[in-house]
Amino acid sequence: MSITSVTRRGFLYGCFVLSGGLAFGVHWTGRAMAGVQTLMSHMCERIASVYREDQAFAHRASQDNAQVKLLYKNYLDKPLSETAEHLLHSHWYDKSAAVKKLHEEGQYPGPRGGAFLNKKYPYEA
């Protein structure tokens, strides 16, 4: 089909379809941008309030906090003591063998495991 064989009716129909699609797209793009802007402004306000409250707090470091000092004095003995290490620190274990076993059995990843296979997550740039 060439441009010269388009009828007037076909041309107007195409223009109407394109202008309707354009208007619809602009409308939803505007709504999406407004949603993103409100979310971003909310996040910025939240971050600013956290920093503002942190600056107003008298004890900004844990070693200056009276409750933490009392906890160490009455229960944990001293920083890095065996009791403190046991209660306050996380322990990490190598679970790669268990994951490999699940891969071999076909149980891992789950039903949606391939959704981001070789793709970035939506929030990554």
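Each reported figure results from applying straightforward, stated rules to the coordinates on display, with no laboratory input. As the structure is a prediction and not an experimental result, all values here were calculated from the model. With ideal geometry, Cβ positions are generated from the backbone for all residues, glycine too; neighbour counts draw on all protein chains shown.
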Among all the lysines, which ones have a C-alpha under 19 Å from Lys78's C-alpha, if same-chain residues fewer than 8 places away are not counted?
Lys69
Loop-located trypsin sites (Lys or Arg not before Pro) in region 64-109 whose Cβ has at most 12 other Cβ within 10 Å (DSSP):
Lys95
Under 16 Å between alpha carbons, and skipping anything fewer than 8 positions from Lys73 in its own chain: which lysines qualify?
none
